[in-house]
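Comments concern the structure below.
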Amino acid sequence: MTVSNMPKRLTVKAMAEKLNVSTATISNAFNRPDQLSEAKRRWILEECKRLGYMGPNAAARSLRTGRTGIVGVMLADNLAYSLTDPVANELLHGVAEVLDRRHMNMLLLSSHDEQRCRLQESMVDGFIIYGWLKEEDTYERLKQHGKPMVVVDFDLEGCTWVNIDNYDGARRSAEHALRTPPEQVAILGLRLVDTDRVCRIRDRELFSETRAISVRRLNGYLDALGAAGYQVPSERIWSTPTNTHQDAYQAAREALTSSPRPDLLLCMSDRIGLATIQAALQMGLRVPEDVRVVGFDGIPEAANIHPSLTTVYQQSAEKGRVAARIFLGEQEDRNVLLQTHLLVRESCP
């Protein structure tokens, strides 16, 4: 069939005239079903299908309104890591819940692939940025688009942010653990310093609090420990570059084989805490009798092992919901600090 012989595509105006309704009603049936009764929407869609009308032209609507109905979620990590990390996964789930309700789509962008990001940035209506991006000039590039931006888990001047109270959560978890005074304390951190390997922080320069939630957690631990009379030297603080079992297990083994061996480990993620429990049990140590372990995140796996992990529950999915609602104008455009909850379980009763 040649182009000249192809049937003309029905327009929304033509359909509105055929069905004796407004063009807005036709558009709402396809794009905003909450604006119509279910019976009326079903009738319109059935009639449109019968007459061969497939819905408003998305490309034309985008040109007319300047909006695509797609929200770009810029990730600090690569896509594979973000989709397997339980905390990132919960956040994305929260964002998706809000976008599903508004019949919008989400485009995941990894800051690790700048060329691909540049090609796709124009396709979205704005950005939700999750985690501090390593290439700091990316922020200026995104701002130049003039599109809405909401950031999550860090602070960025000129942008609305959504965070949890990492300092308070960490401090309260340490205060709970210190009710039974330990002999030796170690801290297993996450991305405290700029390195791609597991290490003790020693004299390394820490990331700033504005970009690293882990440093806020570290300060919470140290303040609680200091108030109780404990001083934790830098060689008793480990940093893992990723929130993976492999890195966490390596850090846990190093800590548990150090001398003197710690009998309390404060872990900056549940994955680190779970790996620590595994390492301890494999070494013949009892949890919590020989070593107590505290995590952070509140992922479901932490409750489903034995001994179950004492942890700090952060509202990961709610962070995503709040960020999406702010982005869409459903919630006041202001910074939001969500509170955490201590979950006391078997690993540190």
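Looking at Arg321, Arg325, Arg345, Arg334 in this structure, which one is of a type outside the set (Val, Ile, Thr), closer than 27 Å to Asp290 by Cβ and open to solvent by 20 Å² or more (accessible area, probe 1.4 Å)?
Details: Arg321 fails: closer than 27 Å to Asp290 by Cβ; Arg325 fails: closer than 27 Å to Asp290 by Cβ; Arg334 fails: closer than 27 Å to Asp290 by Cβ.
Testing whether each residue is of a type outside the set (Val, Ile, Thr), closer than 27 Å to Asp290 by Cβ and open to solvent by 20 Å² or more (accessible area, probe 1.4 Å) leaves just Arg345.
Taking segment 41-50 as the search range and keeping residues that are more than 38 Å from the chain's Cα centre (by Cα) and either among the hydroxyl-bearing types (Ser, Thr, Tyr) or surrounded by 15 or more Cβ atoms within 10 Å (Cβ to Cβ) (or both), which one is farthest from Leu99 (Cα to Cα)?
Filtering segment 41-50 down to residues more than 38 Å from the chain's Cα centre (by Cα) leaves 43-44, 46-50.
Checking the rest, the ones that are also either among the hydroxyl-bearing types (Ser, Thr, Tyr) or surrounded by 15 or more Cβ atoms within 10 Å (Cβ to Cβ) (or both) come to 43-44, 47-48.
Values: Trp43: 25, Ile44: 24, Glu47: 27, Cys48: 25 Å.
Ranking the candidates gives Glu47 first.
Out of Ser208, Ser214, Ser234, Ser239, I need the residue that is open to solvent by less than 60 Å² (accessible area, probe 1.4 Å), farther than 22 Å from Lys134 by Cα and of a type in the set (Ser, Thr, Tyr). Which one?
On the way: Ser208 fails: farther than 22 Å from Lys134 by Cα; Ser214 fails: farther than 22 Å from Lys134 by Cα; Ser239 fails: farther than 22 Å from Lys134 by Cα.
Ser234 is the lone residue from the list that is open to solvent by less than 60 Å² (accessible area, probe 1.4 Å), farther than 22 Å from Lys134 by Cα and of a type in the set (Ser, Thr, Tyr).
Based on what the data block shows, is Glu140 farther than 29 Å from Arg325 by Cα, open to solvent by 60 Å² or more (accessible area, probe 1.4 Å) and not in a strand (DSSP E or B)?
Taking the combined requirement at face value, the residue does not satisfy it.
Are any of the residues in segment 59-71 at pLDDT 90 or above and under 27 Å from Glu140 (Cα atoms)?
Within segment 59-71, the first condition is being at pLDDT 90 or above, and the residues that meet it are 70-71.
Still in the running and under 27 Å from Glu140 (Cα atoms): 70-71.
Yes, segment 59-71 contains a residue that is at pLDDT 90 or above and under 27 Å from Glu140 (Cα atoms).
Can you pull out the residues in segment 244-259 that are in a helix (DSSP H, G or I), surrounded by 16 or more Cβ atoms within 10 Å (Cβ to Cβ) and not basic (Lys, Arg)?
Residues of segment 244-259 in a helix (DSSP H, G or I): 245-256.
Subset that is surrounded by 16 or more Cβ atoms within 10 Å (Cβ to Cβ): 247-256.
Within segment 244-259, Asp247, Ala248, Tyr249, Gln250, Ala251, Ala252, Glu254, Ala255, Leu256 qualify.
So which pairs qualify, if the first residue must be in segment 170-194 and within 18 Å of Asp270 (Cα to Cα) and touching a residue at least 40 places away in the same chain (Cβ under 8 Å), the second must be acidic (Asp, Glu) and open to solvent by 10 Å² or more (accessible area, probe 1.4 Å), the Cβ gap must be under 6 Å, and the two must be at least 6 apart or on different chains?
Qualifying pairs under 6 Å: Arg171/Asp223.
Looking only at segment 107-166, count every residue that is among the small types (Gly, Ala, Ser), touching a residue at least 12 places away in the same chain (Cβ under 8 Å) and over 30 Å from Tyr313 (Cβ atoms) and tell me the total.
First pass over segment 107-166, keeping only residues among the small types (Gly, Ala, Ser): 110-111, 122, 126, 131, 146, 158.
Of the ones still in play, those that are also touching a residue at least 12 places away in the same chain (Cβ under 8 Å) are 110-111, 122, 126, 131, 158.
Now narrow it down to the ones that are over 30 Å from Tyr313 (Cβ atoms): 122, 158.
So the count comes out to 2.
Quick check on my filter: what residues within segment 156-180 are open to solvent by 50 Å² or more (accessible area, probe 1.4 Å) and assigned to a loop (DSSP other than H, G, I, E, B)? Step through it out loud before you land on a result.
Initial filter on segment 156-180 (open to solvent by 50 Å² or more (accessible area, probe 1.4 Å)): 157-158, 161, 167, 171-172, 175, 179-180.
Glu157, Gly158, Arg179, Thr180 - these are the residues of segment 156-180 that are open to solvent by 50 Å² or more (accessible area, probe 1.4 Å) and assigned to a loop (DSSP other than H, G, I, E, B).
Just the residues that are within 19 Å of the chain's Cα centre (by Cα), of a type outside the set (Ser, Thr, Tyr) and outside any loop (DSSP other than H, G, I, E, B), please, taken from segment 190-215.
Leu190, Ile213, Val215 - these are the residues of segment 190-215 that are within 19 Å of the chain's Cα centre (by Cα), of a type outside the set (Ser, Thr, Tyr) and outside any loop (DSSP other than H, G, I, E, B).
The values are calculated or read from the model by the stated rules, or taken from the named source; none is laboratory data. Note that the coordinates shown come from a computational prediction; the quantities given were computed from them, not determined experimentally. Neighbour counts run over all protein chains shown; Cβ positions are idealised from the backbone, glycine included. These area figures cover heavy atoms from the full protein model, side chains too; ligands, DNA and RNA do not enter into them. Shrake-Rupley method; radii C 1.70, N 1.55, O 1.52, S 1.80 Å.
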